[in-house]
Structures are given as C-alpha cells and as structure tokens.
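Structure first, then comments.
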Amino acid sequence: MRAGCLVFTFLLLYQIPGTVLAKEFRLGLITPPKHLWTEAAENFADELHQISGGRHSLTVFPSRQLGNEAQMLQLLQTGALDFAILTISEISNRLPRFGAFYAPYLVEDIDAAAKLLRGPTATKMLELLPENLGVFGVAYSMAGMRQILGRKKIRDVEDVAGIKLRITPFVPIRDFYQLLGAAPTPMPLASVYDALANGQVDAIDMDLETIWKLRYFDYAETLIVSNHMMFPSVGVMSGKTWLQLDEQERSLLTGLMQKHLHKVLDDYPLLESQWQKKIHATGLDVISVKPQFFGSSLHQWGTLWQDKAPDLPALRAEARAIREGRK
Ligand code: BEZ
C-alpha cells in the first residue's frame with residue numbers, strides 16, 4: 001500500500017483529534033413535527049450546521065419514521081443511528097430503576113420536575129446508560145405532567161375504576177392504573193387519536209401539550225388536571241458514534257444537544273398553563289384535583305416500587321428540598 005493511502009486509512013480508523021471528517025448525523029424520535037421535542041431536535045440540527053460552518057449535518061426523523069423506541073435503541077447500538085430523544089419510559093422498560101421518576105406526586109408541578117431533572121441524582125443515573133444500553137446519556141428533557149382525558153364524564157376516582165384507559169407502554173404507569181382498578185391499555189402515541197375517536201378506550205393518560213396539539217380534546221368530555229406524574233425524556237448519542245469522535249467534536253455535539261433539550265425544560269413551565277386554557281376554551285369540563293383524589297393507591301405504588309427503584313429516596317429528598325426552597 002502507498003504511504004499516502006496508509007495515512008488516509010489511519011486517519012479514518014483512529015480519527016486523530018482535529019481531523020474528524022464532515023459527517024451526516026441522524027436523530028430519531030417518536031414525537032410529531034409540532035412537538036417541543038421535535039422542535040428542539042430541529043434547532044439542534046440547525047445550530048450544528050451553522051456552528052460547524054456547514055461541515056456537519058443532522059437529519060431529524062420524527063414521528064417514529066425509524067421505528068418505535070425499542071427499534072431506535074437497536075439502531076443506536078449498531079451505530080446505524082447517531083442520536084435519539086427517548087422517553088424515560090422506554091429506558092425504564094430495560095432498567096427498572098428509572099421507574100423512580102414515575103413515583104406519583106414525586107414532584108407537585110412541572111417547574112419542580114424541571115429542577116429535579118437537573119439535580120445530582122438524575123444526573124448520576126445517566127451514567128448507567130453506556131454500560132447497560134450502549135448509549136451515552138447527553139441530557140434530560142421532558143414532556144408535561146400527566147393528566148387524564150376522558151371521553152365521558154369523570155368526577156371521582158370511582159369513575160376511573162373499570163374503564164379502559166390508554167397508557168404509554170411501561171410498567172410504573174400500568175401499576176398506577178391497576179391500583180386504581182382501571183384497565184390500563186398500552187398504546188403508542190400514533191394510535192391514540194383513532195382509539196379515542198372509535199371508542200377503543202374510555203380515557204387516556206396524557207400531557208397538556210399533546211392533548212392540545214394532536215387535538216385529543218375532539219373526542220373528550222373531561223380533562224382531569226391531576227399532575228400525577230412527571231414524564232422525562234433523555235437525549236442520547238450512540239456509543240459507536242461517540243467512539244468515532246474526538247474530544248472537541250464530542251463536546252460540540254453534546255453541548256448543543258444539551259442546550260436545546262434544556263430549553264425544553266425551561267419552556268414547559270411557561271407553556272403548560274396556556275395549553276390548559278386553550279383546552280378549556282374548547283368547552284371541555286376541566287377539573288383540577290389534588291393527590292387525595294387517588295386515595296391509598298399512591299402509598300401502594302410506593303410500596304410496590306421501593307425495592308425496584310433504589311434512587312427513589314434520594315429523588316424524594318431533592319424534591320422536598322425544591323418544595324421547601326419555594327416557601
Ligand atoms: C406518550 O406516550 O404519551 C408520549 C410520548 C412522548 C411524548 C409525549 C407523550
């Protein structure tokens with residue numbers, strides 16, 4: 001082999017710092033174009049293109065174009081996908097200790113949720129991802145707090161018992177609704193509108209942004225504003241992609257991704273009340289409830305999850321400090 005050719009092969013294989021080639025990155029996520037996560041991904045792509053002087057590009061694939069989150073995780077592990085924004089629910093299906101984030105009323109509102117996700121326990125938990133899932137956890141983001149949207153009237157927790165209620169497919173939320181006596185029905189986001197329209201489910205577990213933007217209120221009579229759970233997501237980079245980058249490139253990419261995901265953490269607390277007002281204006285019954293609405297099931301959930309979620313006491317202590325810091 002000629003010397004020039006050898007050097008070129010060496011540079012390709014070992015990516016000497018400062019010599020990283022222009023790259024076309026890919027990012028997948030399940031949310032549709034108008035969702036804040038998708039907007040964050042697109043802003044990340046635009047800024048990467050701009051800052052790298054057009055050297056790098058990032059193509060965003062929203063709405064499960066690359067498959068569901070389980071399939072995207074496989075693509076990340078093989079290096080066929082570079083980045084994804086994944087729900088922590090999918091992570092908790094593989095690493096149950098992430099179920100701690102779904103402790104009912106771990107936080108009282110969206111503002112506290114955003115603070116908790118920037119805290120030391122949540123940050124430390126990201127260190128579990130490379131070894132267990134082959135992805136690097138860049139930063140958390142989140143969707144809004146969970147609420148209940150009913151096709152018919154819901155007045156108290158007895159009205160939830162026995163009904164078919166759509167959930168995101170993950171165990172902590174299934175347990176929550178089973179404890180209430182409902183029939184939790186796991187279903188991806190993409191199927192929810194039709195399921196509400198044709199009466200396949202009686203109610204859904206959802207956040208205000210998605211209820212508003214995907215018009216789930218079209219087929220609903222009641223919105224129970226319960227704020228019963230937070231709903232974190234995480235921006236991840238494929239471990240394979242990580243290994244191919246030098247330090248400078250890693251910090252450029254992770255810094256930009258973190259910036260745009262954290263902007264979502266900042267935006268939700270400002271936007272949630274606006275979405276609630278807009279949904280209210282469509283004529284739905286909007287009923288705000290306190291934790292007492294759910295009775296003893298909250299405590300029962302804690303008992304069920306205490307051994308599976310060893311980070312829960314530390315998260316609860318941080319959440320308490322956030323609450324007390326407001327007084
Ligand atoms: C859901 O499954 O309810 C969901 C997933 C991602 C973003 C928002 C909601």
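Tabulated values for the structure
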| item | result |
| --- | --- |
| Considering residues of segment 179-198 that are surrounded by 15 or more Cβ atoms within 10 Å (Cβ to Cβ) and part of a loop (DSSP other than H, G, I, E, B) only, the residue nearest to the ligand (Cβ to nearest atom) | 187 |
| Residue under evaluation residue 238, criteria (1) of a type outside the set (A, V, I, L, M); (2) over 30 Å from residue 315 (Cβ atoms); (3) away from the ligand (no atom under 12 Å from the Cβ), criterion not met | (2) |
| Single residue of segment 18-59 satisfying the filter (open to solvent by 40 Å² or more (accessible area, probe 1.4 Å) and aliphatic (A, V, I, L, M)) that is nearest to the ligand (Cβ to nearest atom) | 51 |
| Some residue of segment 216-231 being surrounded by fewer than 18 Cβ atoms within 10 Å (Cβ to Cβ), within 16 Å of the ligand (Cβ to nearest atom), without any contact (Cβ under 8 Å) to a residue 60 or more places away in the chain and farther than 30 Å from residue 47 by Cα | no |
| Residue check for residue 159: open to solvent by 40 Å² or more (accessible area, probe 1.4 Å) and either over 26 Å from residue 117 (Cβ atoms) or in contact with a Gly (Cβ under 8 Å, 6 or more places away or on another chain) (or both) | yes |
| Any chance residue 271 is open to solvent by less than 80 Å² (accessible area, probe 1.4 Å), within 20 Å of residue 223 (Cβ to Cβ) and in contact with a strand residue (DSSP E or B) (Cβ under 6 Å, 6 or more places away or on another chain) | no |
| Failed item in (1) touching a strand residue (DSSP E or B) at 6+ places or on another chain (Cβ under 7 Å); (2) open to solvent by less than 10 Å² (accessible area, probe 1.4 Å), with residue 151 passing the rest | (2) |
| Residue within segment 82-105 that is open to solvent by 30 Å² or more (accessible area, probe 1.4 Å), free of Cβ contacts under 8 Å to residues at least 12 places away in the same chain and in a loop (DSSP other than H, G, I, E, B) present | no |
| Set 168, 254, 210: member being closer than 30 Å to residue 84 by Cα and more than 16 Å from the ligand (Cβ to nearest atom) | 254 |
| Pairs, first over 17 Å from residue 32 (Cα atoms) in segment 49-74, second part of a strand (DSSP E or B) and among the small types (Gly, Ala, Ser), C-beta under 6 Å, six or more apart | 49/57 |
| Residue 277 vs. criteria assigned to a helix (DSSP H, G or I), touching a residue at least 12 places away in the same chain (Cβ under 8 Å) and more than 22 Å from residue 187 (Cβ to Cβ) | no |
| Filtered residue count, segment 199-215, keeping only those that are part of a loop (DSSP other than H, G, I, E, B), surrounded by 17 or more Cβ atoms within 10 Å (Cβ to Cβ) and not acidic (Asp, Glu) | 2 |
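The values are calculated or read from the model by the stated rules, or taken from the named source; none is laboratory data. Note that this is a predicted model, so its numbers are computed, not measured. Glycine gets a Cβ as well: all are built from the backbone with ideal geometry, and neighbour counts include every protein chain shown. To get the accessible areas, we keep the full protein, side chains included, count just its heavy atoms, and leave off ligands, DNA and RNA. Shrake-Rupley method; radii C 1.70, N 1.55, O 1.52, S 1.80 Å.
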